[in-house]
Amino acid sequence: MSDRIDDLRSLLDRASYAYYALDSPVLTDAEYDVLYRELVELEQQHPERVVASSPTQRVGAPPLQLFAPVVHESPMLSIDNVFAIDDLNAWVDRLARLLDREPTLFGELKIDGLALSLRYEHGILLQAATRGDGRTGEDVTANIYAVDAIPKRIAHDAPLEVRGEIYLPRSAFQLLNQDPDLKVPFANPRNAAAGSLRQKNPRITASRGLAFFAYQLEEPIETETHHEALALLRSLGFAVEEHAALVEREQLAARIQELDQTRAQLDYDTDGVVIKLDRIEDRGRVGATSRAPRWSIAYKFAPEEQLTRLLAIEISVGKTGKITPFAELEPVVVAGSTVSRATLHNAEQIERKDVRVGDLVVVRKAGEIIPEVVGPVLGARVGELPRYQFPAYCPSCGTRLIRVLDEVDFHCPNRFCPEQLVQRLMHFGSRDAMDIDGLGEVRARQLIELGLVRIPSDLFSLEPHELGQLPGVGDKMIQRFMVGIATARQRPLHRILFGLAIDNVGAHVAQVVASSMGALDDLLTITVEALVALDGVGDTVARSVVHFRDDPYGSQVVAGLIDADVRGQRAPDLAPATSDQLMGLSFVITGSFPDGPREQIRDFIVEHGGRVIEAVSKRTDYLVAGERAGSKLAKAIELGIPVIDLPGLSAIVASRGQQTVI
Ligand code: IVH
């Protein structure tokens, strides 16, 4: 057992040196916390083994000697952590007992940057210092003078010590990491902030865009409460984090949850909520330990970053042929869910970050975004790992990959690459495109692999018995899929255009292009000149559209869709014109019609002598189906009743009209 205590101490020492002094963590905060708590428990069981040098008895790591040491007048303490609401409530209970009443609480986001102490005298910034080990920090005054976000003069004559967090906004971090002059990208904004603060040349510090939130006034505090102190700091020109507010004990859990759910949108990293006693007098009454004050506590969020092992680097082929490298990882829980894959973005990033298979890597999941590999922990690399070689050939079709000048992504240039066909078929059937019920990844792969479908237009000639060949597809599924395809026939032109997966044509551009066309047929004759004349269509988009139309793949799909009468033409003008051309025919109308209300269609049929009935039966002649048609469409298909759309309806009127002429 004694060995475990020694092991934990040396592990925690090394980790905190790497974290504080080298800005290159070897443990995540969560891992550190787990080991730290284990050590606390062991020391409680063996009090005779507690020594002053134990990580539990001091704060952080000794400062590096790069900048002059500064002894803090009052130590810059740490904060005790809790990870559960119950523990937070227990903390409030304890304070309520100590104070003999319910305490007034104040809540603030815990900013993931570096603590900074700023001393002002006669309204002038005299000294800026980092926390260091809590007692002695580093003098960074020269560099702080280069940081615009920190006031150098304030309208306050009495001596004042302001403490707060210096951090690098996420946006500035992204920009910084794209800088080609940066030899090794920073793992996260916190390390980047630390690196930027510790520059020998203050001009470099100035260029990084550091920011600062004030969260603390040191004694003597002129206000009675913390919230008044923050208001004073604001009035003196300091930024105070906008979510800082008084909070009722009953609201604590809800408030924390709310902050956790919205913090991904902020431009700075946060790792918890700090709860503090609001009344300064109360703080004095509860006191502090050598490590942390009793008047504040940090509720820590589930971490967004973790360390794990990179097992392999694979590449995927997208619908436009774009190659995206991704990491296969030893599974790890990040922000509450298990991650075993993460994006590596592109070849350039792998090279710049020098990520190698076998590395310990930082994995990050911020908000809704797909998890990403931030970079390797270079200090933890053992021995020589081979540099990653980006593949030269497409893993799906074996075609040589190409990289267009000035672009970071590799592409597979083969439009008929099987993986691209699968991805494009999936995209064609996706919600914002043709919204084909039943066409997910599994089905798309099966259809392509069995050769039943090669390009999206093939879908419209699929027969039910062909679908029966797909593994695991029964009658019910066939039915659902046939209905899905029949319904998709009615989609408007902009959704067809979007579904084609033309380079640079997203949902919005597809709308603009579609609005200039009557039906898909017009794509055959459209010119670059006509396209660039449209609002919001530039040269790149126009060329992509025409290029797609003319290339062997695009021309086949467009011809196939026109052939299948999936042309997205607008509803015909259903101007009432009485005739008896639909005499003797009965129609059922189902689904919704974005281009004209159903009433209008009913009137049209009746005015031409037809009958409109409610239920589909063997005696129904036609089903007029709009978007999102459901059970009636299924029934019609089952009974073999022709399903028509609005152009189909007017075609019937026209053809029967011709018969009477003859
Ligand atoms: S109060 C002793 N408030 O968290 C209490 N600290 O792990 C004084 N931190 O060293 C600190 N946001 O660097 C406080 N709103 C906030 C904070 C905050 C981030 C940092 C600070 C501190 C560390 C403790």
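The values are calculated or read from the model by the stated rules, or taken from the named source; none is laboratory data. Bear in mind that the values here come from a model prediction, so they are computed numbers and not experimental data. Cβ: placed from backbone, ideal geometry, glycine included. Neighbour counts: every protein chain shown. To get the accessible areas, we keep the full protein, side chains included, count just its heavy atoms, and leave off ligands, DNA and RNA. Shrake-Rupley method; radii C 1.70, N 1.55, O 1.52, S 1.80 Å.
One table, with the values for the structure above:
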{"item": "Cβ-Cβ under 7 Å pairs, at least 6 apart or on other chains, region 502-526 side closer than 21 Å to Arg424 by Cα and without any contact (Cβ under 8 Å) to a residue 40 or more places away in the chain, far side outside any helix (DSSP H, G or I) and open to solvent by less than 30 Å² (accessible area, probe 1.4 Å)", "result": "Val509/Val537; Val513/Val537; Leu523/Met517"}
{"item": "For Ala214: the one exception among (1) touching a helix residue (DSSP H, G or I) at 6+ places or on another chain (Cβ under 7 Å); (2) crowded, with 22+ Cβ neighbours inside 10 Å; (3) within 26 Å of Pro376 (Cβ to Cβ); (4) small (Gly, Ala, Ser)", "result": "(3)"}
{"item": "Failed item in (1) under 30 Å from the mean Cα position of the chain (by Cα); (2) closer than 24 Å to Arg628 by Cβ; (3) outside any helix (DSSP H, G or I), with Ile496 passing the rest", "result": "(3)"}
{"item": "Residues of region 222-238 satisfying the condition of being within 35 Å of the chain's Cα centre (by Cα) and assigned to a loop (DSSP other than H, G, I, E, B)", "result": "Gly237, Phe238"}
{"item": "Yes/no for Lys300 being within 12 Å of the ligand (Cβ to nearest atom), open to solvent by 20 Å² or more (accessible area, probe 1.4 Å) and closer than 30 Å to Ala172 by Cβ", "result": "yes"}
{"item": "Some residue of region 277-295 being touching a His at 6+ places or on another chain (Cβ under 8 Å), open to solvent by less than 40 Å² (accessible area, probe 1.4 Å), among the charged types (D, E, K, R) and more than 10 Å from the ligand (Cβ to nearest atom)", "result": "yes"}
{"item": "Residue within region 159-180 that is more than 16 Å from the ligand (Cβ to nearest atom), within 20 Å of Phe238 (Cβ to Cβ) and touching a His at 6+ places or on another chain (Cβ under 9 Å) present", "result": "yes"}
{"item": "Flag for Ala253 being open to solvent by 40 Å² or more (accessible area, probe 1.4 Å), of a type in the set (A, V, I, L, M, F, W, C) and more than 30 Å from Ala192 (Cβ to Cβ)", "result": "yes"}
{"item": "Glu38, sole failed condition from (1) at pLDDT below 95; (2) loosely packed, with under 14 Cβ neighbours inside 10 Å; (3) charged (D, E, K, R); (4) away from the ligand (no atom under 16 Å from the Cβ)", "result": "(2)"}
{"item": "Among residues of region 518-540, those that are surrounded by fewer than 20 Cβ atoms within 10 Å (Cβ to Cβ) and part of a loop (DSSP other than H, G, I, E, B), counted", "result": "10"}
{"item": "Among (1) in contact with a Lys or Arg (Cβ under 6 Å, 6 or more places away or on another chain); (2) farther than 22 Å from Pro25 by Cα; (3) away from the ligand (no atom under 16 Å from the Cβ), the one test that Ala335 misses", "result": "(2)"}
{"item": "Tally, over region 398-444, of residues that are outside any loop (DSSP other than H, G, I, E, B), closer than 22 Å to Asp503 by Cα and out of contact with any strand residue (DSSP E or B) (no Cβ under 8 Å at 6 or more places or on another chain)", "result": "11"}
{"item": "Matching residues in region 541-569 - criterion: being aliphatic (A, V, I, L, M) and either under 16 Å from Val512 (Cβ atoms) or open to solvent by less than 20 Å² (accessible area, probe 1.4 Å) (or both)", "result": "Val541, Ala542, Val545, Val546, Val557, Val558, Leu561, Val566"}
{"item": "Filter result (more than 14 Å from the ligand (Cβ to nearest atom), surrounded by fewer than 23 Cβ atoms within 10 Å (Cβ to Cβ) and not charged (D, E, K, R)) within region 111-142", "result": "Tyr120, His122, Gly123, Ile124, Leu125, Leu126, Gln127, Thr136, Thr141, Ala142"}
{"item": "Options Val339, Val362, Val334: the member that is touching a residue at least 60 places away in the same chain (Cβ under 8 Å) and of a type in the set (Val, Ile, Thr)", "result": "Val362"}
{"item": "Cβ-Cβ under 6 Å pairs, at least 6 apart or on other chains, region 388-403 side within 25 Å of Arg356 (Cβ to Cβ), far side basic (Lys, Arg)", "result": "Tyr388/Arg356; Tyr393/Arg400"}
{"item": "Residue list for region 234-268, filter: within 16 Å of the ligand (Cβ to nearest atom), free of Cβ contacts under 8 Å to residues at least 40 places away in the same chain and more than 18 Å from Pro169 (Cβ to Cβ)", "result": "Arg234"}
{"item": "Pair list, Cβ under 7 Å, 6 or more apart: region 203-221 residue under 30 Å from Arg279 (Cβ atoms) and in a loop (DSSP other than H, G, I, E, B), other residue within 11 Å of the ligand (Cβ to nearest atom) and open to solvent by 20 Å² or more (accessible area, probe 1.4 Å)", "result": "Glu218/Ser74; Glu219/Ser74"}
{"item": "Matching residues in region 70-88 - criterion: being within 16 Å of the ligand (Cβ to nearest atom), of a type in the set (A, V, I, L, M) and touching a helix residue (DSSP H, G or I) at 6+ places or on another chain (Cβ under 8 Å)", "result": "Val82, Leu88"}
{"item": "Of all residues making up region 433-446, the number that are open to solvent by 40 Å² or more (accessible area, probe 1.4 Å) and farther than 17 Å from Arg628 by Cα", "result": "4"}
{"item": "Test for Ser207: is it at pLDDT 95 or above, over 24 Å from Leu77 (Cβ atoms) and among the hydroxyl-bearing types (Ser, Thr, Tyr)", "result": "no"}
{"item": "Count - residues of region 447-506 that are surrounded by fewer than 20 Cβ atoms within 10 Å (Cβ to Cβ) and of a type in the set (Phe, Trp, Tyr)", "result": "1"}
{"item": "Yes/no for Gly272 being assigned to a strand (DSSP E or B) and either among the basic types (Lys, Arg) or within 16 Å of the ligand (Cβ to nearest atom) (or both)", "result": "yes"}
{"item": "Lone qualifier among Lys353, Lys319 - being of a type in the set (D, E, K, R) and in contact with a Gly (Cβ under 6 Å, 6 or more places away or on another chain)", "result": "Lys353"}
{"item": "Count - residues of region 375-397 that are in a loop (DSSP other than H, G, I, E, B) and over 26 Å from Ser171 (Cα atoms)", "result": "16"}
